[in-house]
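Visitor: What follows is a structure written as C-alpha cells; I'll ask about it next.
The values are calculated or read from the model by the stated rules, or taken from the named source; none is laboratory data. This structure is a prediction, so every number in the text was calculated from the model and none was measured. Here Cβ is always computed from backbone atoms with ideal geometry, including for glycine, and neighbour counts include all displayed protein chains. Surface accessibility is based on the protein's heavy atoms, side chains included, excluding ligands, DNA and RNA. Shrake-Rupley method; radii C 1.70, N 1.55, O 1.52, S 1.80 Å.
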Amino acid sequence: MIELHLLRHADAGDPATWPGDDADRPLSAKGRRQAARLGNLLAGAGFTPDAIISSPKLRARETAETVATALGVDVRVDDRLGGALDIGTIAGVIKDAGGPRRPVLVGHDPDLSWLASELTGTRIELRKGALARIDVEVPFDGSGTIRWLIPPGLLPDR
C-alpha cells in the first residue's frame, strides 16, 4: 500500500485575464500565501513525503517548490502531470520516480479531483490549494481510502 497525496496547485488568478501561454501562468499573491501556509502546516505536523512530483506548468511547480522548501524535500517535474491523467499514467509516474511509498503529486483539475474520486469510489472535489491523502493498493484497484483532506479554507488568507 502507498500513501498517495494529491495536491492541486494553489490560486493562480483568473486564466481569462492571463495574456500569455497558460503553462506559464504563475501563482497569484493569494496562491503564494496558500502554498506557504500549507507548507508550514505540514512541516509543523512532521509530514515527511518521500517524493514530490509536479506538473511542469508554472503554477504547479511554484506550489510544489514552496511546499517542498518548507519540508526540506526536492521537487521532481514530470510532464505527464501537466496533461490528462488516468490510472495508468499515475502508476507510470510513481514507478518512474522509483516507487515512493509517500508521494505527493502536484497538478491540476479536473484531473486530480477525477483521480481522487476514481481511486476511492466516491466523489471528491479538490479546490485550488487542497491536499488529500488516499491510501491505495498497487496496482490501483479503486478501493483506496481517503484518510484526510486539507481544504485551502482551513488556513485563512491573511
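Visitor: What's the magnitude of the charge dipole for the chain around its Cα centre, counting Lys and Arg as +1 and Asp and Glu as -1 at the beta-carbon? Answer in Debye, nearest 20. It would help to have the intermediate numbers written out before the result.
Guide: On the way: 20 positive and 22 negative charges, 123 e Å.
My answer is approximately 600 debye.
Visitor: Let me ask something else. For the pair THR69 and ALA97, what calculated FRET efficiency results from E = 1/(1 + (r/R0)^6), where r is the Cβ-Cβ distance and R0 = 22 Å, to the nearest 0.05?
Guide: Numbers: r = 19 Å, r/R0 = 0.87.
Calculated value: 0.70.
Visitor: Could you do me a favour and compute the accessible area per residue for the chain, 1.4 Å probe, result in Å²? Let's see the in-between values first.
Guide: Numbers: 7510 Å² over 158 residues.
So the chain comes to 48 Å² accessible per residue, rounded to a whole number.
Visitor: I would also like to ask the following. Provide the FRET efficiency to the nearest 0.05 for the ASP50-ASP14 pair, computing r from the beta carbons and using R0 = 41 Å.
Guide: The pair ASP50/ASP14 has a calculated efficiency of 0.70.
Visitor: Continuing with this model, one more query. Of all DSSP beta bridges in the chain, what percent run antiparallel (nearest 5)? Display every interim value, and only then the final one.
Guide: Details: 11 of 22 bridges.
Expressed as a percentage, antiparallel bridges in the chain total about 50.
Visitor: Residue by residue, what Karplus-based ³J(HN,Hα) values in Hz, rounded to whole numbers, does the range 26-35 have, using 6.51, -1.76 and 1.60 with θ = phi - 60° and x for Gly and Pro?
Guide: x, 5, 7, 4, 4, x, 4, 5, 4, 5
Visitor: May I ask which residue of ILE87, LEU115, PRO139 lies farthest towards the positive end of the charge dipole of the chain, with charges of +1 (Lys, Arg) and -1 (Asp, Glu) on Cβ and the Cα centre as origin?
Guide: Looking along the dipole axis, the top candidate is LEU115.
Visitor: Amide H neighbours of VAL77 under 5 Å, counting only residues 5+ apart in sequence or on other chains, H built in-plane at 1.01 Å?
Guide: The answer is SER54.
Visitor: Now a separate question. In terms of modelled amide H atoms, which long-range or inter-chain residues lie less than 5 Å from the amide H of VAL138?
Guide: Long-range HN contacts for VAL138: ILE2.
Visitor: Pairs of alpha-carbon atoms within less than 8 angstrom and 6+ residues apart define the contacts here; what relative contact order does the range 51-90 have, in percent? Please report the intermediate quantities before stating the final value.
Guide: On the way: 43 pairs, mean separation 19.1, N = 40.
After rounding, I find 48 percent.
Visitor: Report, in debye and to the nearest 20, how large the dipole of the range 62-115 comes out about its Cα centre when Lys and Arg carry +1 and Asp and Glu carry -1 on their Cβ. All intermediate terms of the calculation are to be shown ahead of the outcome.
Guide: Working: 5 positive and 9 negative charges, 64 e Å.
For the range 62-115, the charge dipole is close to 300 debye.
Visitor: List the residues whose amide H sits under 5 Å from the amide H of SER28, counting only those 5 or more places along or on another chain, with H placed 1.01 Å from N in the peptide plane.
Guide: Distant-sequence amide H within range of SER28: ALA12, GLY13.
Visitor: Also, I was wondering about something else. Cα to Cα, under 28 Å, and not fewer than 8 places away if on the same chain: which lysines meet these conditions relative to LYS95?
Guide: LYS57, LYS128
Visitor: Right, next: Using only C-alpha atoms and all pairs of different ones, pull out the Kirkwood radius for the range 1-86 in Å with one decimal. Present the calculation step by step, with values, prior to reporting the outcome.
Guide: On the way: mean 1/r = 0.0745 Å⁻¹.
With all distinct Cα pairs of the range 1-86 included, I get 13.4 Å.
Visitor: Using the alpha carbons of the chain, what is the convex hull volume per residue in cubic angstrom, as a whole number?
Guide: Dividing the Cα hull volume of the chain by its residues yields 100 Å³.
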